[in-house]
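Just so it is clear, none of the values below were taken in a lab; they were calculated from the coordinates. Everything numeric here is computed off the predicted structure, so don't read it as measured data. Because the Cβ atoms are built from the backbone with ideal geometry, glycine has one as well, and the counts that use them run over all protein chains shown.
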Amino acid sequence: MTISNDSTIADAEDRASAHFRDAMSLVPSAVHILATDGPAGLGGLTASAVVSISDTPPTLLVSISQTSGSVHVFRENGVFSVNVLSGRDATLAEVFAGRTGVRGAARFDHGAWRLQPPRPPILRSAVAAFECRLTETRLIATHHVMIGAVTSAHIFAGGEEGLCYVRRQFKSV
Ligand SMILES: Cc1cc2nc3c(=O)[nH]c(=O)nc-3n(C[C@H](O)[C@H](O)[C@H](O)COP(=O)(O)O)c2cc1C
């Protein structure tokens, strides 16, 4: 049997990606829902790829897969919110991760949302929420990395446990 160099390289890349995902599954991460509203409509997804970049001025980074059905909605609206989930919202995280089959704007039928277009939706049951104006987007590998200038920060339930994802499971911490 002949194995071409191309398929050998592709197999090695697949193995490296799977190994990377396995290693990353051991890293506990906070769970958020990214949400947007405006001229392009409502969009939202569960996300762990959220980083605080600076407090002066307050700036967040989020990363959305180019395969996400809502990435163009985020880009067109130019605003988004980062909703930090409480330990009680694991079921909502499943909905916004597409695991219950609910897609698009219908996801907002679940959860206690404050809709306020053209500002982004805010989840009332979040521990904290940040409203952002999209200032920069860059495609890196498979993801659109988006920089958000924080326009409002809300503290809703600072004393409550947060939702964490580790070993491919939700945990309240
Ligand atoms: C805990 C967790 C974290 C996730 N983090 C991200 C993320 O940071 N970026 C991303 O693009 N997708 C992430 N996802 C996957 C999206 O939530 C999922 O693909 C969602 O269905 C995308 O929305 P769409 O159906 O509108 O494409 C995550 C899923 C889970 C369960």
The chain, Gaussian network, Cα under 10 Å: of Ala106, Ala18, Ala30, the residue fluctuating most is Ala18
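Where nothing but the Cβ of Lys and Arg (+1) and of Asp and Glu (-1) is charged, how large is the charge dipole of segment 29-172 around its Cα centre, in debye to the nearest 20? Could the numbers behind the result be given before it?
Details: 13 positive and 10 negative charges, 60 e Å.
So the magnitude is around 280 debye.
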Once phi for every residue in segment 12-22 is put through the Karplus expression 6.51 cos²θ - 1.76 cosθ + 1.60 (θ = phi - 60°), the whole-Hz ³J(HN,Hα) values, with Gly and Pro written as x, are 5, 5, 4, 5, 5, 5, 5, 5, 4, 4, 4
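Provide Leu61, Leu139 in ascending order of the number of other Cβ atoms located within 10 Å of each residue's Cβ, fewest first.
On the way: Leu61 16, Leu139 9.
Taking fewest neighbouring Cβ atoms as first place, the list is Leu139, Leu61.
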Taking a crude spin-label model, label points 7 Å out from Cα along the C-beta direction, the Leu115 to Arg15 distance in nm is 5.0
The answer for the longest stretch of the chain without any exposed trypsin sites (Lys or Arg not before Pro) (DSSP loop, at most 14 further Cβ atoms within 10 Å) is 1-87
Expressed in angstrom and ordered largest first, the alpha-carbon extents of the chain along the principal axes are 61, 36, 34
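Using alpha-carbon pairs under 8 Å, 6+ residues apart, how would you state the relative contact order of the chain in percent?
Values: 364 pairs, mean separation 45.9, N = 173.
For the chain, the relative contact order is 27 percent.
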Relative contact order as a percentage, segment 116-173, C-alpha pairs under 8 Å and 6+ apart, gives 30
Between the residues Val166, Gly101, Gly78, the Cα farthest towards the positive end of the dipole of the chain, that dipole coming from +1 and -1 charges on the beta-carbon of Lys, Arg, Asp and Glu, is from Gly101
